[in-house]
1. Find the residue count for segment 197-206, including only residues that are surrounded by 16 or more Cβ atoms within 10 Å (Cβ to Cβ) and not in a loop (DSSP other than H, G, I, E, B).
2. With the checklist (1) surrounded by fewer than 16 Cβ atoms within 10 Å (Cβ to Cβ); (2) at pLDDT 95 or above; (3) more than 18 Å from the chain's Cα centre (by Cα) in hand, flag the one item residue 209 doesn't pass.
3. Output the residue which, of all residues in segment 165-195 that are without any contact (Cβ under 8 Å) to a residue 40 or more places away in the chain and in a helix (DSSP H, G or I), is surrounded by the fewest Cβ atoms within 10 Å (Cβ to Cβ).
4. Is it the case that segment 40-54 has a residue that's at pLDDT 95 or above, over 18 Å from residue 78 (Cα atoms) and buried (at least 24 other Cβ atoms within 10 Å of the Cβ)?
5. Can residue 134 be described as without any contact (Cβ under 8 Å) to a residue 24 or more places away in the chain, out of contact with any helix residue (DSSP H, G or I) (no Cβ under 9 Å at 6 or more places or on another chain) and either within 24 Å of residue 206 (Cα to Cα) or not in a loop (DSSP other than H, G, I, E, B) (or both)?
6. Any residue at all in segment 95-112 that is under 15 Å from the mean Cα position of the chain (by Cα), farther than 17 Å from residue 36 by Cα and not in a loop (DSSP other than H, G, I, E, B)?
7. Has segment 142-164 got at least one residue that is without any contact (Cβ under 8 Å) to a residue 24 or more places away in the chain and surrounded by 16 or more Cβ atoms within 10 Å (Cβ to Cβ)?
8. Mind checking which pairs have a first residue in segment 77-98 that is free of Cβ contacts under 8 Å to residues at least 60 places away in the same chain and a second that is assigned to a loop (DSSP other than H, G, I, E, B), Cβ under 8 Å, 6 or more apart or different chains?
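The values are calculated or read from the model by the stated rules, or taken from the named source; none is laboratory data. Predicted, not measured: the structure shown is a model, and the values here were computed from it. No Cβ is skipped: glycine too gets one built from the backbone with ideal geometry, and neighbour counts run over all protein chains shown.
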């Protein structure tokens, strides 16, 4: 089946404390975004990428695209006011039955193994959401104070959130709701059960300066010179 990856790169870099959005910061000598794009390009030769960027950074994004392994498979579109609207803009460019990955551009340590695992489960079950179990003790704030959570029953959600195109395109016909924090929450509102699949502890989201250091170390370990 045809495959598309919608890579959302709308971050502002506020928590990173930099003027340049985090998706454009260098890690291991290349922009964060470059790593994400190249991994998806290497997953399958027939996979197409739709890169969603803020209007102010279209030229920067195109310059990075031009340095990837196959720029011809990447299209750029403009993001919206929210993640929901950005993904919707990306979905508007998909006109055939396919499996659709939606991925945070700043999860630049994504592996082809995880991409393939999500694809196989979405092909079988309609969707696949990578998730990992937390290792820290968790507590939740309540009106009475706070209380512990059973971490064995809690999962940390990652991307690529992966769906059959008919499911995700129908879901994004809904009106925007503030409860839509990710694609799974949009699909779930249709009454479709969400299927979790095992994520990867290294599939971190680059948000703080420390994350860049971790990403450098992980990439160096995976690609020894």
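1. 1
2. It fails just one condition, (2).
3. Here the residue is 170.
4. So in segment 40-54, the residues at pLDDT 95 or above come out as 40-53.
Going one step further and asking which of them are over 18 Å from residue 78 (Cα atoms), we end up with 40-47.
Of the ones still in play, those that are also buried (at least 24 other Cβ atoms within 10 Å of the Cβ) are 40.
Yes; the residues of segment 40-54 include at least one that is at pLDDT 95 or above, over 18 Å from residue 78 (Cα atoms) and buried (at least 24 other Cβ atoms within 10 Å of the Cβ).
5. Numbers: without any contact (Cβ under 8 Å) to a residue 24 or more places away in the chain: yes; out of contact with any helix residue (DSSP H, G or I) (no Cβ under 9 Å at 6 or more places or on another chain): no; either within 24 Å of residue 206 (Cα to Cα) or not in a loop (DSSP other than H, G, I, E, B) (or both): yes.
For residue 134, the condition - without any contact (Cβ under 8 Å) to a residue 24 or more places away in the chain, out of contact with any helix residue (DSSP H, G or I) (no Cβ under 9 Å at 6 or more places or on another chain) and either within 24 Å of residue 206 (Cα to Cα) or not in a loop (DSSP other than H, G, I, E, B) (or both) - is not met.
6. Step one: of segment 95-112, the residues under 15 Å from the mean Cα position of the chain (by Cα) are 99-112.
Filter again for farther than 17 Å from residue 36 by Cα, leaving 99.
Among the residues that remain, those that are also not in a loop (DSSP other than H, G, I, E, B) are: 99.
Checked segment 95-112: at least one residue is under 15 Å from the mean Cα position of the chain (by Cα), farther than 17 Å from residue 36 by Cα and not in a loop (DSSP other than H, G, I, E, B).
7. Filtering segment 142-164 down to residues without any contact (Cβ under 8 Å) to a residue 24 or more places away in the chain leaves 142-154.
Those still in the list that are surrounded by 16 or more Cβ atoms within 10 Å (Cβ to Cβ) too: none.
Looking for residues that are without any contact (Cβ under 8 Å) to a residue 24 or more places away in the chain and surrounded by 16 or more Cβ atoms within 10 Å (Cβ to Cβ), one finds none in segment 142-164, hence no.
8. 77/92; 77/93; 78/54; 89/79; 89/80
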